[in-house]
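Student: Quick one: the structure is below, and I'll ask about it shortly.
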Amino acid sequence: MATAPKEFCVLIFFSCLGQKTFTVEEAVETIGFGRFHIMLFLIMGSTGVVEAMEIMLIAVVSPLIRCEWQLQDWQVALVTTMVFFGYMVFSIVLGLLADRYGRWKILLLSFLWAAYFSLLTSFAPSYAWFVFLRAMVGGGVSGHAQGLIIKTEFLPTKYRGYMLPLSQVFWLAGSLLIIGLASVVNPTIGWRWLIRIASIPGILLILVFKFIPESARYNVSTGNAGAALATLQRIARINGAAVPEGRLREPAQERRGRFKDLIHPKYLRTTLQIWIIWLGIAFAYYGVILASAELLERDPVCGSAALALQDSSDDSEESHSPCHCHFFGPAAYQSMIISTAGEIALNPVNILSINLLGRRLSLCITMGCTALFFLLLNICTSRAGMVGFLFMLRALVSANFNTIYIYTAEVYPTTMRALGMGTSGALCRVGAMVAPFISQVLMSASFLGALCLFSSVCIICAISAVTLPIETKGRALPVGTTPQELLWLQKLLGTCDDAARIQAQLS
């Protein structure tokens with residue numbers, strides 16, 4: 001006959017004897033929001049700057065490598081696909097390792113990895129080397145998601161819905177920074193120096209990681225309650241608050257970072273629908289980014305006939321050559337900056353909607369609007385009108401990412417939160433791997449067909465979002481307790497006054 005875990009019995013013993021105990025969740029809520037969380041927001045949020053610069057880099061160097069190595073459309077698309085292939089593979093691996101060995105260690109490792117291979121990319125002697133090294137950069141960047149998890153696990157419940165979406169400001173800053181740098185560096189000293197300069201923020205950020213501790217929720221899940229308590233006391237001192245009275249008591253979780261937990265009947269439907277949504281959102285997001293670059297590079301003059309009109313009106317040998325060079329001019333960079341700035345446009349509305357309407361309904365609405373604006377790109381309009389549509393699309397796809405990041409980090413328990421984010425990130429990169437071939441290849445052949453495909457995927461995601469089985473708005477972060485432990489909990493607690501509180505924290 002199975003027996004209750006020792007830590008579990010100790011927790012029940014102290015609670016039922018009247019000795020005061022508290023969980024990490026209760027400590028985080030009691031300490032509240034303060035100076036520590038502002039520092040956490042700035043440092044961990046800055047990981048978004050680095051990630052955005054590395055991901056957006058391909059969009060601004062594509063015209064240059066296309067010309068230098070005389071690449072065809074599919075070869076340019078393959079560069080982006082391989083970046084996300086590396087991201088997909090390492091996202092699962094690093095997520096599993098983060099649940100087993102800690103979020104902070106994996107975050108540091110991923111930054112060192114990405115910075116090293118990014119610098120090597122700038123010395124790539126050939127197209128093949130460039131593709132391989134960017135794939136390795138993608139693998140390193142996949143670990144940056146641990147910064148979001150650390151933020152989520154330290155934030156009080158009522159602040160998660162406000163502070164996490166604001167992290168989009170850092171992604172926007174990184175995107176604008178790389179576009180601004182490209183407009184100056186690419187025409188003067190070249191794309192290789194652009195990559196070297198873009199590596200600097202990641203290297204600098206590594207130096208300030210020491211100010212952020214390991215997640216207290218992770219420490220307590222490994223049985224290291226002493227380290228968790230020390231972290232909570234440090235946060236309380238910085239915030240000018242105090243930890244709750246009593247002893248920090250939570251059962252250690254021996255089963256951490258197991259893939260089969262994600263597909264346990266309790267989470268199976270949630271996991272499958274989350275994967276669909278992540279895949280679709282990334283497909284739409286990177287589709288918009290790459291389509292913007294393609295449209296601006298080729299400078300279409302009118303809606304759906306744009307690319308065909310350009311190709312048919314220019315009979316020169318250069319135009320028909322697969323390696324013809326179309327570099328971004330000042331107007332193209334300006335349009336990219338305007339459309340990229342759209343990522344922050346809906347942030348206030350997004351924050352309000354996820355806190356008032358909930359995560360599921362908010363995501364459904366923004367996904368539906370994304371589908372509509374993809375179709376609106378087919379309308380014959382001026383360059384300003386096209387930039388306006390791209391602006392709104394960037395705002396909507398950014399809102400989609402905001403919401404699904406928050407939902408995924410909140411819905412899974414501590415024991416598999418990093419793995420849940422990792423596998424979701426992997427599926428996300430599947431969508432990102434397909435997007436270049438739609439935005440950079442299919443769009444050249446059938447503009448309307450590509451737009452209909454993007455729109456259809458967004459509609460599927462909207463349906464998946466509104467039918468998610470769990471709403472996480474106002475919900476405490478689950479710790480992760482097995483069904484057998486919950487059964488013992490019910491038996492041991494009986495009529496104990498703290499039964500409801502403890503069960504709510506552990507289930």
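Student: Run I438 past the list (1) surrounded by fewer than 19 Cβ atoms within 10 Å (Cβ to Cβ); (2) under 23 Å from G86 (Cβ atoms); (3) at pLDDT 85 or above and report the number of the one that doesn't hold.
Tutor: If we test I438 against (1) surrounded by fewer than 19 Cβ atoms within 10 Å (Cβ to Cβ); (2) under 23 Å from G86 (Cβ atoms); (3) at pLDDT 85 or above, just (1) comes out false.
Student: Out of all the residues in the stretch 79-111, which are open to solvent by 60 Å² or more (accessible area, probe 1.4 Å) and either without any contact (Cβ under 8 Å) to a residue 40 or more places away in the chain or within 15 Å of M44 (Cα to Cα) (or both)?
Tutor: Residues satisfying the conditions are Y101, W104, K105, L109.
Student: Kindly indicate whether F132 is closer than 20 Å to Q75 by Cα, aromatic (F, W, Y) and over 16 Å from the mean Cα position of the chain (by Cα).
Tutor: Judged against the criteria, F132 is a match.
Student: Please go through the stretch 358-375 and give me each residue that is open to solvent by 50 Å² or more (accessible area, probe 1.4 Å) and under 13 Å from Y407 (Cβ atoms), ordered by number.
Tutor: Matches in the stretch 358-375: R360, L361.
Student: For F33, all conditions in the list (1) assigned to a helix (DSSP H, G or I); (2) modelled with pLDDT of 90 or more hold save one; what is the number of the exception?
Tutor: The failed condition is (1).
Student: Return the residues of the stretch 180-205 that are outside any helix (DSSP H, G or I), in contact (Cβ under 8 Å) with a residue 40 or more places away in the chain and over 15 Å from Y116 (Cα atoms); say none if nothing qualifies.
Tutor: N186, P187, G190
Student: Those residues that are of a type in the set (G, A, S), open to solvent by 30 Å² or more (accessible area, probe 1.4 Å) and more than 18 Å from the chain's Cα centre (by Cα), I need them from the stretch 141-198; list them, please.
Tutor: Selection gives S183 alone.
Student: Separate question: Farther than 26 Å from L107 by Cβ, open to solvent by 30 Å² or more (accessible area, probe 1.4 Å) and in contact (Cβ under 8 Å) with a residue 60 or more places away in the chain: does that describe Q70?
Tutor: Answer is yes for this residue.
Residue-wise test of (1) more than 29 Å from R359 (Cα to Cα); (2) at pLDDT 85 or above; (3) under 30 Å from the mean Cα position of the chain (by Cα).
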position: L442; (1), (2), (3): yes, no, yes
position: G449; (1), (2), (3): yes, yes, yes
position: I470; (1), (2), (3): no, yes, yes
position: A476; (1), (2), (3): no, no, yes
position: K491; (1), (2), (3): yes, no, no
position: D498; (1), (2), (3): yes, no, no
position: A504; (1), (2), (3): no, no, yes
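Student: Still on this structure: Out of all the residues in the stretch 206-217, which are open to solvent by 20 Å² or more (accessible area, probe 1.4 Å), touching a residue at least 60 places away in the same chain (Cβ under 8 Å) and not β-branched (V, I, T)?
Tutor: F211, E214
Student: Taking the condition of being open to solvent by less than 70 Å² (accessible area, probe 1.4 Å) and outside any helix (DSSP H, G or I), how many residues in the stretch 344-357 meet it?
Tutor: Here the count works out to 2.
Student: I would also like to ask the following. Which members of the stretch 139-155 meet the condition of being assigned to a helix (DSSP H, G or I) and of a type in the set (A, V, I, L, M)?
Tutor: Those that are assigned to a helix (DSSP H, G or I) and of a type in the set (A, V, I, L, M): V141, A145, L148, I149, I150.
Student: Further question: Which of the residues belonging to the stretch 392-418 are farther than 18 Å from G48 by Cβ and part of a helix (DSSP H, G or I)?
Tutor: Scanning the stretch 392-418 gives M392, L393, L396, E410, V411, T414, T415, M416, R417.
The values are calculated or read from the model by the stated rules, or taken from the named source; none is laboratory data. Values in this document were obtained by computation on a predicted structure and should not be read as measured data. Cβ atoms come from the backbone with ideal geometry, glycine included; neighbour counts cover every protein chain shown. Quick note on the areas: whole protein, heavy atoms, side chains included, nothing else; ligands and nucleic acids left out. Shrake-Rupley method; radii C 1.70, N 1.55, O 1.52, S 1.80 Å.
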